[in-house]
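Below you'll find the structure, written out as C-alpha cells, and then a few comments.
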Amino acid sequence: MADKIRGITIELKADTSGIGDGLKKVNNQIKSTQSQLKDVNKLLKLDPKNTELLQQKQKLLADAVKETKDKLKELKEIQSRMDAEGVDKNSAQYQALQREIIATEQDLEKAEKAQADFNAEMQKTAADAAKAESALGRFKTSLGNISDKLKSVSEKAAEMAQKTRGMSVAAAGALTAIGGIASTSPSGRKVSTT
C-alpha cells in the first residue's frame, strides 16, 4: 500500500487503508478549520467586539489544537508501522515522514500558543469589564450622594424662602409706601418724578 503525504509516497507492505483515510480526514478537517478561522479573523477586524465571532474564534482555536493533535497521532502511527516493517530510517520516505511529524509538532505549538494568547486576552477583557462595572457602581453611588445633598440644600432653601416670605411682603409694602410718600408733595398733590 502506498500513502501520500504532501507529495511523498510511503509504501508499506501491511494494509494501511485505515491510517491513510484517517490522515486524509484529519488534513481536510484542519484545512476547513483554518479557512473558517481566517474568515472569522477578517470579520473580527471589522467588528472586534462581536461576541458571536469571539465565541466562534475560541471554538475554532480549540478545534485546531485537537485536529493537529489528531494529525500528529496519525503520523506517529504511520511511523510506528514503518518501524515495525523495518523501513530504512535513512530512506527518503522515512525522512519525509520525520519532517512532516516535526512540522506538525510546530503547528501544534503555534495552535496551542494562539489558543492560550486568545484565552489570556479574553480573561484580560473580562477583568477590564469587571473594573469598569465596579467604577460605574462607585460613580452611581457618588452621584446618589450628590443628589441627596442637592435635595437637602433645595429643601433648606425652600424652607428659608417660606420663613422669609412674610418679611418680603412687608418689605415690598414698605417700599410701596415709601415710593408713595416720595411721589406726593407736602400739600398732598402728586409730584412727577420725570
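Readers should treat all values here as calculations from the given coordinates under stated rules, not as data from a laboratory. This is a predicted model, so every value here is computed, not measured. Glycine gets a Cβ as well: all are built from the backbone with ideal geometry, and neighbour counts include every protein chain shown.
A few notes on this one:
- A full extension of the chain between Val169 and Ser32 corresponds to an added length of 40.6 nm, given 0.36 nm per residue minus the alpha carbon distance.
- Net lengthening on full extension, Gln106/Ser152 (0.36 nm per residue, minus Cα-Cα): 9.7 nm
- Packing rank of 61-68, 119-126, where each peptide gets the mean count of other beta carbons within 10 Å, highest leading: 61-68, 119-126
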